[in-house]
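**Student:** Next up is a structure, given as structure tokens.
The values are calculated or read from the model by the stated rules, or taken from the named source; none is laboratory data. Note that the structure is predicted; figures quoted are calculated from it, not measured. Backbone-built Cβ (ideal geometry, glycine too); neighbour counts: all protein chains shown.
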Amino acid sequence: MNFSYIILIPLIPLVVFLLLGIFNQRIKPAVSGYVGVLGLLTSTLLSFYTAYQYFFVYGKANGVYQTFVEKTVWMNFTETLAIDMGVLVDPISVMMLIVVSIVSLMVHIYSRGYMKGDDGYTKFFAFLSLFSFSMYGLVLATNLFQIYIFWELVGVSSYLLIGYYYTKPSAVSAAKKAFIVTRFADLGFLIGILIVGYYTGTYDFEMLNNPEGNAILNWASTSFMGLSVLTWALILIFIGGAGKSAMFPLHIWLPDAMEGPTPVSALIHAATMVVAGVFLVARLFPMYYFVENGFALNIVAYVGAFSALFAAIIAVTQTDIKRVLAFSTMSQLGYMMLALGVSGYDGHEGLGYMASMFHLFAHAMFKALLFLCAGSVIHAVHSNYLKDMGGLRKYMPITNITFLIAALAIAGVPPFAGFFSKDEILVAAFEHNKLIYFVGVFVAGLTAFYMFRIYFGIFWGKETKYEHKPHESPISMTFPLMVLALLSIVGGFIPFSKFVTADKAGFEAHLNYPLAAVAVGVGLLGIGLAWAFYKNENNLADKMVNFFGPFYKWTSDKFYFDEIYLFITKKILFNRVSAPIAKFDKKYVDGTMVGIGNKTVWTSEKIKSLQSGKVQDYAFAFIAGVVVLVLVFIYMWTN
């Protein structure tokens, strides 16, 4: 099967970006919206056609899904080490095409209503198209360097979209914060890539992911500080993924990134860019699993589990609904990472891998829906805070129902999509690591509680006296909500284990009813507590705040990690490290250069009189020189 046409999927958004960017001042805003939507619709249709052709027609041979690669050499370093550019088609890349296409298309449609009247309307759609191009290129990458190139393009797109309101200082600061934090993480990623290239002689995913291939076997035994060089490379690559997916302790940029327009939050910080880190680990999963008995994979599991718990605890106390959803995203990404970390490779042993990809797919739908619903609410009440909301179900029935569907899905209530994917994750954790399993169950309860806390706070509770009567959003905004709500309902019934697995062979997955009952019970308990605390006005929440005292304060202030980072950078790095270095540079390095310059000027001042321009001075100097030479000659001759 020839999949060369797939190159059109990323190229179409690139053309749209160039068109809208170059002719920004000439294209009418209404036209730019249609151009952006039409471009993404075309890429989406091609993505669905690719998925059909791959999963149902040409993709499987001898019971295993094949890998199709179309590539050309871009840079050639040695006989084996080269950087190629092309497209790689396999189960997870096709799955990611569908995720990026659906969410991006819904965000494009939604933005036509949400951004209406904005001065930078055309520019906004240009940035959205650039981001879509970057994500498509990332998920279709054939090698580590190609994925790194598009990885950085995604970072640039994120910077532009987070800082879209560039006249707003908080948005500018958030954009810089996201860019700088992820750059530190990407340094680890780049070093890991260079180590891989140096020792294996290849960046190609097909060669690196072959468990029997020489790329792994030849250098798995080379060690440094007790670990193989390959393990160190995988840990460094995971640092890059942890930065992009906002894993602890590189999570601090994600909550601030909510300063961008809400459609940006749905596109970048809920369903696409932030899952790039999970996708990266999944792309290199055979390496993570087979090297040193999965040592690096254990790190992935524990970092994911801790991040899931840490973010869920913070989400319980936040009052800005977008920040609640941001920490919820971090928590769910931790779920995906821990699922990869507890996964095997062959058949049902690879349940964690399948569950992680399943949850990535399902989460993209209901979390994008939650953000877009939040945007609809903010659009109506002009505030992000729960204190300014309440009783909106009467004014916004479509937003109310779709938000409820998304909340039930993320809480793991059957038969919504989140129930099936989360259940598989917990089963995989139970089979491989009981501690991580119990963390996962506790996080499931917290997730249900904080999600219904904001649901009841927005749509029930005490009705706020609104300055302007709230109203339902226009059809351009509610249509994407209904589509994503439908996918959040039916997405769980996709037999994911037959399509996306670690060994690409597929297997039959079954519900583990006892474990499912525990997870659902914990989720319902969380919903019940949220009902008691927030559905109607009462003082239970205030009593709990007083009960937890300082711990609640720490949690609401995100355990002061922003302050810790500021202390380290300003007080230690800037004042204790950078300042002395700057002083040394100014006093000694600059001082030496300035001294040399000053001495040169002084010397020139002293000797410039030798060039007077007078013939008699030059004649005198010449005759004096001749006399001196004659005297020296006579002296040497007589002695």
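**Student:** Within region 174-190, count every residue that is out of contact with any Gly (no Cβ under 9 Å at 6 or more places or on another chain) and either closer than 19 Å to Phe238 by Cβ or not basic (Lys, Arg) (or both). Talk me through it step by step, then tell me what you get.
**Tutor:** If we filter region 174-190 for residues that are out of contact with any Gly (no Cβ under 9 Å at 6 or more places or on another chain), which is where we start, we get 177, 180.
Subset that is either closer than 19 Å to Phe238 by Cβ or not basic (Lys, Arg) (or both): 180.
Counting residues in region 174-190 that are out of contact with any Gly (no Cβ under 9 Å at 6 or more places or on another chain) and either closer than 19 Å to Phe238 by Cβ or not basic (Lys, Arg) (or both) gives 1.
**Student:** Please enumerate the residues belonging to region 308-354 that are charged (D, E, K, R), under 22 Å from Phe452 (Cβ atoms) and part of a helix (DSSP H, G or I).
**Tutor:** To start, the set of residues in region 308-354 that are charged (D, E, K, R) comprises 320, 322-323, 346, 349.
Now narrow it down to the ones that are under 22 Å from Phe452 (Cβ atoms): 320, 322-323.
Result: Lys322, Arg323.
**Student:** From the list Tyr164, Tyr136, Tyr114, exactly one residue is more than 30 Å from Ala380 (Cα to Cα), of a type in the set (Phe, Trp, Tyr) and surrounded by 18 or more Cβ atoms within 10 Å (Cβ to Cβ). Which is it?
**Tutor:** Details: Tyr164 fails: more than 30 Å from Ala380 (Cα to Cα); Tyr114 fails: more than 30 Å from Ala380 (Cα to Cα).
After ruling out the rest, the residue left standing is Tyr136.
**Student:** Here's a follow-up. Tell me which residues, restricted to region 487-502, are of a type outside the set (Phe, Trp, Tyr) and not in a helix (DSSP H, G or I). Explain how you work it out, then say what you get.
**Tutor:** Residues of region 487-502 of a type outside the set (Phe, Trp, Tyr): 487-492, 494-495, 497-498, 500-502.
Across region 487-502, the qualifying residues are Ile494, Pro495, Val500, Thr501, Ala502.
**Student:** Could you tell me how many of the residues in region 432-453 are farther than 20 Å from Gly521 by Cα and assigned to a helix (DSSP H, G or I)?
**Tutor:** Going through region 432-453, the residues farther than 20 Å from Gly521 by Cα turn out to be 432-433.
Pick out the ones that are also assigned to a helix (DSSP H, G or I) and you get 432.
The total comes to 1.
Per-residue answers, yes or no, for (1) surrounded by fewer than 24 Cβ atoms within 10 Å (Cβ to Cβ); (2) of a type in the set (Ser, Thr, Tyr); (3) in contact with a helix residue (DSSP H, G or I) (Cβ under 7 Å, 6 or more places away or on another chain); (4) on the phi > 0 side of the Ramachandran plot:
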site	(1), (2), (3), (4)
Asn298	yes, no, yes, no
Phe310	yes, no, no, no
Ala315	no, no, yes, no
Met337	no, no, yes, no
Leu340	no, no, yes, no
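**Student:** Looking at region 444-452, can you tell me whether even one residue there is surrounded by fewer than 21 Cβ atoms within 10 Å (Cβ to Cβ), closer than 27 Å to Ile102 by Cβ, touching a residue at least 60 places away in the same chain (Cβ under 8 Å) and not acidic (Asp, Glu)?
**Tutor:** no
**Student:** Here is a further query. Would you check if there is a residue in region 112-127 being assigned by TED's automatic domain parsing to the domain that holds Thr167 and within 17 Å of the chain's Cα centre (by Cα)?
**Tutor:** Start the filter on region 112-127 by keeping residues that are assigned by TED's automatic domain parsing to the domain that holds Thr167, which leaves 112-127.
If we keep only those that are within 17 Å of the chain's Cα centre (by Cα) as well, we get 127.
Yes, the conditions are met somewhere in region 112-127.
**Student:** If a residue has to be among the hydrophobic types (A, V, I, L, M, F, W, C), surrounded by 15 or more Cβ atoms within 10 Å (Cβ to Cβ) and assigned to a strand (DSSP E or B) to count, how many in region 49-102 make the cut? First the steps, then the outcome.
**Tutor:** Filtering region 49-102 down to residues among the hydrophobic types (A, V, I, L, M, F, W, C) leaves 51, 55-57, 61, 64, 68-69, 73-75, 77, 81-83, 85, 87-89, 92, 94-100, 102.
Filter again for surrounded by 15 or more Cβ atoms within 10 Å (Cβ to Cβ), leaving 51, 55, 68-69, 81-83, 85, 87-89, 92, 94-100, 102.
The next check asks that each one be assigned to a strand (DSSP E or B); those that pass are 68-69, 82-83, 85, 87-89.
Final tally of qualifying residues: 8.
**Student:** For Gly277, all conditions in the list (1) crowded, with 24+ Cβ neighbours inside 10 Å; (2) closer than 23 Å to Phe125 by Cβ hold save one; what is the number of the exception?
**Tutor:** (2) is the only condition that Gly277 fails.
**Student:** One residue is enough: does region 530-540 have a residue meeting the conditions surrounded by 14 or more Cβ atoms within 10 Å (Cβ to Cβ) and either of a type outside the set (Phe, Trp, Tyr) or not assigned by TED's automatic domain parsing to the domain that holds Ala428 (or both)?
**Tutor:** Within region 530-540, the subset surrounded by 14 or more Cβ atoms within 10 Å (Cβ to Cβ) is 530-531, 533-535.
Imposing the further condition that a residue be either of a type outside the set (Phe, Trp, Tyr) or not assigned by TED's automatic domain parsing to the domain that holds Ala428 (or both) reduces the set to 530, 535.
Yes, because at least one residue in region 530-540 is surrounded by 14 or more Cβ atoms within 10 Å (Cβ to Cβ) and either of a type outside the set (Phe, Trp, Tyr) or not assigned by TED's automatic domain parsing to the domain that holds Ala428 (or both).
**Student:** What about His432, is it more than 26 Å from Glu259 (Cα to Cα) and touching a Ser or Thr at 6+ places or on another chain (Cβ under 9 Å)? Working first, answer last.
**Tutor:** On the way: more than 26 Å from Glu259 (Cα to Cα): yes; touching a Ser or Thr at 6+ places or on another chain (Cβ under 9 Å): yes.
Answer is yes for this residue.
**Student:** Of the conditions (1) surrounded by 11 or more Cβ atoms within 10 Å (Cβ to Cβ); (2) without any contact (Cβ under 8 Å) to a residue 40 or more places away in the chain; (3) not hydroxyl-bearing (Ser, Thr, Tyr), Lys608 fails just one. Which one is it?
**Tutor:** Every listed condition holds for Lys608 apart from (1).
**Student:** Would you mind finding the one in Gly197, Gly192 that is closer than 30 Å to Glu70 by Cβ, among the small types (Gly, Ala, Ser) and at pLDDT 90 or above?
**Tutor:** Working: Gly197 fails: at pLDDT 90 or above.
Gly192 is the lone residue from the list that is closer than 30 Å to Glu70 by Cβ, among the small types (Gly, Ala, Ser) and at pLDDT 90 or above.
**Student:** Mind listing just one residue for me: the one in region 499-523 that is surrounded by fewer than 16 Cβ atoms within 10 Å (Cβ to Cβ) and not aromatic (Phe, Trp, Tyr) and, of those, farthest from Tyr54 (Cα to Cα)?
**Tutor:** Gly521
**Student:** Can you give me the number of residues within region 130-148 that are closer than 21 Å to Tyr164 by Cβ and part of a loop (DSSP other than H, G, I, E, B)?
**Tutor:** 0
**Student:** Of everything in region 1-43, what is in contact with a Ser or Thr (Cβ under 9 Å, 6 or more places away or on another chain), among the hydroxyl-bearing types (Ser, Thr, Tyr) and surrounded by fewer than 22 Cβ atoms within 10 Å (Cβ to Cβ)? Give them in sequence order.
**Tutor:** Hit for region 1-43 is Tyr5, nothing else.
**Student:** Condition test on Phe361, is it over 26 Å from Leu105 (Cα atoms) and either in a helix (DSSP H, G or I) or modelled with pLDDT of 90 or more (or both)?
**Tutor:** So Phe361 does not fit the description; no.
Every residue, every condition in (1) under 18 Å from Pro91 (Cβ atoms); (2) among the charged types (D, E, K, R); (3) modelled with pLDDT of 90 or more, yes or no:
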site: Ala305; (1), (2), (3): no, no, yes
site: Leu309; (1), (2), (3): no, no, yes
site: Lys322; (1), (2), (3): no, yes, no
site: Ala326; (1), (2), (3): no, no, no
site: Met330; (1), (2), (3): no, no, yes
site: Asp346; (1), (2), (3): yes, yes, no
site: Ser356; (1), (2), (3): yes, no, yes
site: Gly375; (1), (2), (3): no, no, no
site: His379; (1), (2), (3): no, no, no
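**Student:** Which number in (1) buried (at least 24 other Cβ atoms within 10 Å of the Cβ); (2) at pLDDT 90 or above marks the one condition that Leu404 misses?
**Tutor:** Unmet for Leu404, out of (1) buried (at least 24 other Cβ atoms within 10 Å of the Cβ); (2) at pLDDT 90 or above: (1).
**Student:** Oh, and also: Considering only residues that are modelled with pLDDT under 85 and aliphatic (A, V, I, L, M), look in region 602-635 and name the one that is farthest from the chain's Cα centre (by Cα).
**Tutor:** That would be Ala619.
**Student:** Restricting attention to region 395-422, report how many residues are touching a residue at least 40 places away in the same chain (Cβ under 8 Å) and assigned to a helix (DSSP H, G or I).
**Tutor:** Filtering region 395-422 down to residues touching a residue at least 40 places away in the same chain (Cβ under 8 Å) leaves 395-407, 409-422.
Still in the running and assigned to a helix (DSSP H, G or I): 397-407, 409-410, 417-422.
So the answer is 19.
**Student:** It is to be established whether one or more residues within region 155-177 are in contact (Cβ under 8 Å) with a residue 40 or more places away in the chain, closer than 25 Å to Val69 by Cβ and in contact with a Lys or Arg (Cβ under 9 Å, 6 or more places away or on another chain).
**Tutor:** No, region 155-177 contains no residue that is in contact (Cβ under 8 Å) with a residue 40 or more places away in the chain, closer than 25 Å to Val69 by Cβ and in contact with a Lys or Arg (Cβ under 9 Å, 6 or more places away or on another chain).
**Student:** Separate question: Are there any pairs, at least 6 apart or on different chains, whose C-beta atoms fall under 8 Å, with the first in region 285-301 and under 15 Å from Val196 (Cβ atoms) and the second assigned to a helix (DSSP H, G or I) and among the small types (Gly, Ala, Ser), and if so, which?
**Tutor:** As it stands, the answer is Tyr288/Gly294; Tyr288/Ala296, since those pairs meet every condition given.
**Student:** Which of the numbered conditions does Met477 fail, given that it passes all the others? Conditions: (1) modelled with pLDDT under 90; (2) surrounded by 18 or more Cβ atoms within 10 Å (Cβ to Cβ); (3) within 25 Å of Tyr534 (Cα to Cα).
**Tutor:** Among (1) modelled with pLDDT under 90; (2) surrounded by 18 or more Cβ atoms within 10 Å (Cβ to Cβ); (3) within 25 Å of Tyr534 (Cα to Cα), Met477 violates only (3).
**Student:** Output the number of the condition that Ala220 fails; it satisfies all remaining conditions of (1) part of a loop (DSSP other than H, G, I, E, B); (2) out of contact with any Pro (no Cβ under 7 Å at 6 or more places or on another chain); (3) more than 24 Å from Ala141 (Cα to Cα); (4) at pLDDT 85 or above.
**Tutor:** Unmet condition: (4).
**Student:** Answer yes if at least one residue in region 510-530 is polar (S, T, N, Q), part of a helix (DSSP H, G or I) and either free of Cβ contacts under 8 Å to residues at least 60 places away in the same chain or in contact with a helix residue (DSSP H, G or I) (Cβ under 8 Å, 6 or more places away or on another chain) (or both), and no otherwise. Even if it seems obvious, please write down each step before you answer.
**Tutor:** Filtering region 510-530 down to residues polar (S, T, N, Q) leaves 512.
Now restrict to residues that are part of a helix (DSSP H, G or I): none.
Looking through region 510-530, none of the residues is polar (S, T, N, Q), part of a helix (DSSP H, G or I) and either free of Cβ contacts under 8 Å to residues at least 60 places away in the same chain or in contact with a helix residue (DSSP H, G or I) (Cβ under 8 Å, 6 or more places away or on another chain) (or both).
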